[in-house]
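**Q** Structure below; questions to follow.
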């Protein structure tokens, strides 16, 4: 069954009212468990400042808080230790630009039209879809975005109080290029020589934080470049991990066995470590992994700089801090690098929130959290109502009480084709215990896993007569979830 046959189309000509009403109506039926409204802030109560740290391809297990045996991330960890750590957080489209747009809008890729990394300098988020930062600004917040934007037009068409962004998948670590602007006017790009991009972006963030804004609260988005390929390190970490051992994942040598159970399109994808002439930084598992981890340590340094500033100004506990990542990353599973695929290393992301006024320290939750939940969570933190067209819901109530019914299943979709790694477009459903992946190009192919008994996705159950009823049920639910998300074609400026 193709995407075209399943999709409920919403064209670019659809009016704002019609599209948002369609989204709200659908959300109120199939996506009802993902809807919530924030309670208004108490009268006279000061609204919190907001900080959104977004990692670049940071895996859910790439934290010392998550038990990583090599990587040390004390400043990342502080967010989770002093707040809530969600151990089952996922992205709904494991690709940079779509995932960032999902986080800003609270809507699935197919509902915003931000489907891929293509045309990022021309495409826009439809103007009738507000970013959560737009809603915050209307409510009196000052808003800023610094770092790797990499979204439709870099979101430069929105009215940021301060903007210092890089809208490109390539990062030029040694001579980074950024555009800077204020009050909705963004200048031309400028090259900055011999400076690490995340250090520079953090300096600009700190300078903006230090500006006088009276009693107005702020919302600051710090979106890191590292550890994106080519995984360059800052000078201070050039010798980090020298002599350390990087163990092979259990499936690293599955290619030597013919990739048992995997469909041909999975085998043919060009995302394999050591075989690529277009991803030189992925020539070896050891080199790639160590550089990847060193980049995350550099991010941790900069999170620490922000923490230090907030403490110095005595506003740390008045500031809600959320950290997550746009997607995960393969570090040798099936000898793969990059993301895109619906397998666990690619779709799992870290998710932590610190705000003592509403979140008890040391809280840990295992409910399934999605990137569509980020926007409504920020609105909830600010005490603002959550618009009905948003397709996620605030995760803050989970900080007070676990909810086994929070989310039982969710829909995944990856669109970009062609792409540099030849990963085929696919869609899928993930429940608490199972996963079904459908590669939608001809000839179609499938993977199905029992995640409870096979968490590393090594035993493909699709087509096994013993699991025919489960397969049929997952197929039906996947189709229903897809139908529940209205589709909108990409828009260009």
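The values are calculated or read from the model by the stated rules, or taken from the named source; none is laboratory data. Please read these numbers as outputs of a predicted model, since none were measured by experiment. A quick note on method: Cβ atoms are made from the backbone with ideal geometry, for glycine too, and the neighbour counts reach across all protein chains shown.
**Q** Would you please list the contacts, defined by Cβ atoms under 6 Å and residues six or more apart or on different chains, that run from a residue in the range 222-240 that is at negative phi to a residue that is in a loop (DSSP other than H, G, I, E, B) and surrounded by fewer than 24 Cβ atoms within 10 Å (Cβ to Cβ)?
**A** As it stands, the answer is 225/171; 228/171; 232/173, since those pairs meet every condition given.
**Q** Right, here's the next one. Given the residues 392, 428, which is the only one that is part of a loop (DSSP other than H, G, I, E, B) and either crowded, with 22+ Cβ neighbours inside 10 Å or modelled with pLDDT under 95 (or both)?
**A** Of the residues listed, the single one that is part of a loop (DSSP other than H, G, I, E, B) and either crowded, with 22+ Cβ neighbours inside 10 Å or modelled with pLDDT under 95 (or both) is 392.
**Q** Further question on the same structure: Output the residue which, of all residues in the range 355-371 that are surrounded by fewer than 24 Cβ atoms within 10 Å (Cβ to Cβ) and in a strand (DSSP E or B), is farthest from the chain's Cα centre (by Cα).
**A** 363
**Q** Next question. Before we move on, is residue 65 touching a strand residue (DSSP E or B) at 6+ places or on another chain (Cβ under 7 Å), part of a loop (DSSP other than H, G, I, E, B) and more than 30 Å from residue 423 (Cα to Cα)?
**A** Criteria met by residue 65.
**Q** Just give me the residues in the range 199-245 being touching a strand residue (DSSP E or B) at 6+ places or on another chain (Cβ under 7 Å) and within 23 Å of residue 281 (Cα to Cα), in sequence order.
**A** Passing the criteria: 223, 224, 225.
**Q** Those residues that are surrounded by fewer than 18 Cβ atoms within 10 Å (Cβ to Cβ) and either under 28 Å from the mean Cα position of the chain (by Cα) or part of a loop (DSSP other than H, G, I, E, B) (or both), I need them from the range 250-263; list them, please.
**A** Passing the criteria: 250, 252, 253, 258, 259, 260, 261.
**Q** Can you tell me which residues in the range 184-207 are closer than 22 Å to residue 53 by Cβ, part of a loop (DSSP other than H, G, I, E, B) and free of Cβ contacts under 8 Å to residues at least 24 places away in the same chain?
**A** 192, 195
**Q** Going by the structure shown, is residue 310 farther than 24 Å from residue 244 by Cα and touching a strand residue (DSSP E or B) at 6+ places or on another chain (Cβ under 9 Å)?
**A** Yes, satisfied.
**Q** Scan the range 164-174 and give yes if some residue there is over 19 Å from the mean Cα position of the chain (by Cα), free of Cβ contacts under 8 Å to residues at least 40 places away in the same chain and either closer than 25 Å to residue 94 by Cβ or exposed (fewer than 15 other Cβ atoms within 10 Å of the Cβ) (or both), otherwise no.
**A** Yes, the range 164-174 contains a residue that is over 19 Å from the mean Cα position of the chain (by Cα), free of Cβ contacts under 8 Å to residues at least 40 places away in the same chain and either closer than 25 Å to residue 94 by Cβ or exposed (fewer than 15 other Cβ atoms within 10 Å of the Cβ) (or both).
**Q** Same structure again: So which of 470, 474, 436, 398 ends up being in contact with a strand residue (DSSP E or B) (Cβ under 7 Å, 6 or more places away or on another chain) and surrounded by fewer than 19 Cβ atoms within 10 Å (Cβ to Cβ)?
**A** Result of the check over 470, 474, 436, 398: 470.
**Q** Only residues that are more than 24 Å from the chain's Cα centre (by Cα) and part of a strand (DSSP E or B): list them for the range 445-493, please.
**A** Result: 445, 446, 450.
**Q** Still on this structure, please answer the following. Go through the range 316-345 and count every residue that is in a strand (DSSP E or B), over 13 Å from the mean Cα position of the chain (by Cα) and closer than 17 Å to residue 86 by Cβ.
**A** Of the residues in that region, 2 qualify.
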